[in-house]
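The values are calculated or read from the model by the stated rules, or taken from the named source; none is laboratory data. Just so we're clear, the structure is a prediction, and the values are computed from it rather than from any experiment. In this analysis, Cβ positions are derived from the backbone assuming ideal geometry, glycine residues included, and neighbour counts consider all displayed protein chains.
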Amino acid sequence: MMPKSTYILLLLVPMMTSCIPDEINTLEGSWSCQETSQIYMENMKGTSIYPVYFAQDINDGNTYYIDNFYQLGSGIEVKVKLSGSILTLEKQTVDDIEFEGDGTVNSSYELINFSYTADDGGGMVDHVQATYTR
């Protein structure tokens, strides 16, 4: 017969291992964006840090929508495609600004390095470098 402490240990081990977080394999969720904008750097003399949210398309697991992209506000989204570790922002106009760019996602889905352009039609195209972290 096993001692009581062994039974308790056998009951606790599965519960402890179930608390270990699963590996992240999606971009979906909240991220922090640290962004350096060529145009805004001249005007603001700094880097913007703001939250964004990646929502996965329910019909296409490789398509995501980034809410608050370019710090345009909640409810304003751009559509991006993920292929392997490459994130592509195909040319699209959102809130009267034309965006296009691409980036890379690290293997643990915790870091994205992204470069894109933003053209509001005013004659100056903004070149942006952004780093997203969880």
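Below is a table of values for the structure above.
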| item | result |
| --- | --- |
| Selection from the stretch 76-114 of residues that are in contact with a strand residue (DSSP E or B) (Cβ under 8 Å, 6 or more places away or on another chain) and assigned to a loop (DSSP other than H, G, I, E, B) | ILE76, SER85, ASN106, GLU110 |
| Whichever residue in the stretch 37-76 is among the β-branched types (Val, Ile, Thr) and at pLDDT 95 or above and, among such residues, is surrounded by the most Cβ atoms within 10 Å (Cβ to Cβ) | ILE66 |
| Any chance TYR65 is touching a helix residue (DSSP H, G or I) at 6+ places or on another chain (Cβ under 9 Å), in a strand (DSSP E or B) and aromatic (Phe, Trp, Tyr) | no |
| Any pair with Cβ under 8 angstrom, 6 or more apart, that starts in the stretch 25-39 at a residue that is of a type in the set (A, V, I, L, M, F, W, C) and ends at one that is surrounded by fewer than 13 Cβ atoms within 10 Å (Cβ to Cβ) and not in a strand (DSSP E or B) | ILE39/MET124 |
| The stretch 91-118 residues that are over 17 Å from THR36 (Cβ atoms) and touching a residue at least 40 places away in the same chain (Cβ under 8 Å), paired with ones that are assigned to a strand (DSSP E or B) and of a type outside the set (Gly, Ala, Ser) (beta carbon under 6 Å, 6 or more apart) | VAL105/LEU87; VAL105/ILE112 |
| Residue in the stretch 81-90 that is surrounded by the fewest Cβ atoms within 10 Å (Cβ to Cβ), counting only those that are more than 14 Å from ASP126 (Cβ to Cβ) and in contact (Cβ under 8 Å) with a residue 24 or more places away in the chain | LEU82 |
